[in-house]
Amino acid sequence: MKRRNKIIMFLGILLVLIGGILIYWNISYSPYEAAFSRKMEERANSITETEEVCTAKEIADLPKPLQRYCEYIGLENFPKHQVTRTIFKNTNFIFDAQSEKTLNMDYDLWLFFDEPYRSAYCTSSMFGIPFDGMDYCTEDKKGGMKGILGKTIQIFDVCDYQGYKAGLISWLAESVAFNPSVLLSSYITYDVIDDTHVKATVTYNDVTGSGIFTINKDGAITEFYSDERQVEKIDGIPTNIGWRCEYKNYEKNNQIKQVGTVRCIKVFPNKEVVYFDSDDFVVSY
């Protein structure tokens, strides 16, 4: 009888623990996400917003193809925002380019412009278990991503110099889409390739990253391509591959024509993988 009571008590405690875990997984709160949001808000609050706007004189100093882009989106008199936050909802994301395992995630992207800095937080689930990921960089020129399972257990933390360089290149590509006043940043230099292609290089903290913008005949930037951002293991060997960001469906938003669809693509020698694809996002400053 005592043995039976102990078994019942054990099963009862186990059910309570499982129930508690399931409730915790299904509430919106996550300690890692809360810490991330607090850090981003503190950083944003420490930056003094400027009343400066993009001027015709500054735009005239840009390469001709980018001047066409500025005219196309109506950049003149657009505020020089110091912080941009973009929240993506229900985004298709391929977690592993080799297996093409797809997750549906929300993605909270913060871009800062007093100096080139980006960080982002994604929330999703794997087999019904919450999965959180955080893009970040450090002051010692390292960057990468952390993965957290069940809002509790850190399952990986990939952080290195290449991740820092990739973060700078991502900052450049994303900023042009969501806060195009970045084109006037002193951290970016340009080399004109031809009438529809401009190479842009961002330099910060003695690290540089480059890519090429494509501008169509209407003046819209349609893509950004870099062969410096992405390193993937191919046959066990870390290999540089191409990375392309596509911009589509421009529409009037926040005083300018703004990108309505963003796709990020890994370009392997034998295939291309669209690993990030979203047309459901909100940009705020």
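If the condition is being more than 18 Å from residue 74 (Cα to Cα) and exposed (fewer than 15 other Cβ atoms within 10 Å of the Cβ), then region 209-227 contributes only 227. Restricting attention to region 148-162, which residues are within 22 Å of residue 111 (Cβ to Cβ) and either surrounded by 15 or more Cβ atoms within 10 Å (Cβ to Cβ) or of a type outside the set (Phe, Trp, Tyr) (or both)? Within region 148-162, 158, 159, 160, 162 qualify. Here residue 175 passes the criteria (1) more than 17 Å from residue 111 (Cβ to Cβ); (2) crowded, with 19+ Cβ neighbours inside 10 Å; (3) not basic (Lys, Arg) except the one numbered (1).
Which fully enclosed strands (runs of 3 or more DSSP E) of region 170-285 have 2 or more residues being of a type outside the set (S, T, N, Q) and free of Cβ contacts under 8 Å to residues at least 60 places away in the same chain?
Working: elements: 188-194, 197-204, 207-215, 221-234, 237-248, 251-253, 256-258, 261-267, 272-278, 281-284.
Filter on region 170-285 gives 188-194, 197-204, 207-215, 221-234, 237-248, 251-253, 261-267.
Every condition in (1) of a type in the set (S, T, N, Q); (2) more than 15 Å from residue 211 (Cβ to Cβ); (3) buried (at least 18 other Cβ atoms within 10 Å of the Cβ) is met by residue 186 except one, and the failing one is (3).
All of the numbers you see were taken from the coordinates with simple rules; none came from a lab. Since this is a predicted model, take the numbers as computed values, not measurements. In this analysis, Cβ positions are derived from the backbone assuming ideal geometry, glycine residues included, and neighbour counts consider all displayed protein chains.
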